[in-house]
Amino acid sequence: MKVYLPLYTHHGETVTVPDLSGYQYLEASELLEDMGLQYEVSVDSGFSTELPALAILKQIPDASNQVKTGRKIYLTLNARNAPLIKMPNLVNLQLKNAQEILSNIGLSRGDIIYVPDIAINAVLEQRYRGITVKEGFEIPKGATIDLVVGDGMGNQLLFVPDLNGMEEEDAEFLILGSGLRVGDKNYASTDSVATGRVFLQSPPAGMEVRTGELINIWIAKD
């Protein structure tokens with residue numbers, strides 16, 4: 001907690017406005033009351049990932065101003081919850097440009113995951129908490145976004161493995177181990193395989209594709 005020594009002049013008629021930045025609301029209100037100042041919380045809160053909820057973000061008048069005792073100080077507090085913002089589309093952008101966009105809208109860049117793909121340093125996927133998110137998906141301001149990026153090594157041709165009948169996790173493991181990437185996972189009812197196993201894939205087994213190609217799979221459900 002900060003320690004502030006108020007400066008009174010003219011027999012208590014004026015007081016120096018303290019610097020309340022970073023104070024918690026209760027701390028700030030107690031300090032202002034002790035100094036003979038009133039306060040009012042702005043209806044428009046702000047948000048900072050660097051400060052706890054209800055910390056003081058802004059004050060009017062500014063710190064060090066001389067005001068009369070009884071003057072009202074207007075406070076803007078850090079919101080309890082981060083506001084939601086819409087995820088932009090970073091796919092196919094160069095990594096540098098994607099990072100700039102994230103920074104400009106209040107998101108943090110997390111891990112950069114390089115995968116075999118001919119598009120060097122181009123964003124192939126954008127992920128939030130391990131899940132691929134598309135443009136328009138609402139996420140909290142300050143959230144961390146991981147980027148899947150091409151490493152420029154996608155010229156090699158591979159044959160798509162046969163995933164039919166495999167358990168979901170085993171199929172994913174085989175896809176990744178083959179230098180390919182897991183695409184959409186779809187769940188549907190079928191009598192052809194047991195629940196939890198792959199019954200359809202695209203591209204089909206045996207097809208020749210480039211390194212880093214997306215493989216979509218359909219998995220049996222109850």
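Can you name the strands (runs of 3 or more DSSP E) wholly within the range 120-222 that have at least 3 residues being loosely packed, with under 15 Cβ neighbours inside 10 Å?
Hits in the range 120-222: 181-189.
State the number of residues belonging to the range 100-119 that are assigned to a loop (DSSP other than H, G, I, E, B) and touching a helix residue (DSSP H, G or I) at 6+ places or on another chain (Cβ under 9 Å).
Within the range 100-119, residues that are assigned to a loop (DSSP other than H, G, I, E, B) and touching a helix residue (DSSP H, G or I) at 6+ places or on another chain (Cβ under 9 Å) number 1.
Give all pairs with beta carbons closer than 7 Å in which a residue from the range 127-150 that is under 24 Å from E213 (Cβ atoms) and among the aromatic types (F, W, Y) meets a residue that is modelled with pLDDT under 95 and not in a loop (DSSP other than H, G, I, E, B); count only pairs at least 6 apart in sequence or on separate chains.
Y128/I139
Using the structure shown, decide if Y114 is at pLDDT below 90 and either of a type in the set (F, W, Y) or farther than 16 Å from L214 by Cβ (or both).
The answer is yes for Y114.
Restricting the search to the range 74-92, which residues are more than 30 Å from L32 (Cβ to Cβ) and either of a type outside the set (A, V, I, L, M, F, W, C) or open to solvent by less than 60 Å² (accessible area, probe 1.4 Å) (or both)?
I85, K86, M87, P88, N89, L90, V91, N92
Scan the range 86-102 for residues that are touching a Leu at 6+ places or on another chain (Cβ under 7 Å) and farther than 11 Å from V149 by Cα and jot them down.
I101, the sole residue that qualifies.
If you take the residues of the range 93-119 that are touching a residue at least 40 places away in the same chain (Cβ under 8 Å) and more than 25 Å from L51 (Cβ to Cβ), which of them is most open to solvent (accessible area, probe 1.4 Å)?
Filtering first and then ranking leaves I118.
The values are calculated or read from the model by the stated rules, or taken from the named source; none is laboratory data. Quick caveat: nothing in here was measured; it's all calculated off a predicted structure. Methodologically, a virtual Cβ is constructed for each residue, glycine included, from the backbone with ideal geometry; neighbour enumeration extends over all protein chains shown. For accessibility, only protein heavy atoms count, side chains too; no ligands or nucleic acids. Shrake-Rupley method; radii C 1.70, N 1.55, O 1.52, S 1.80 Å.
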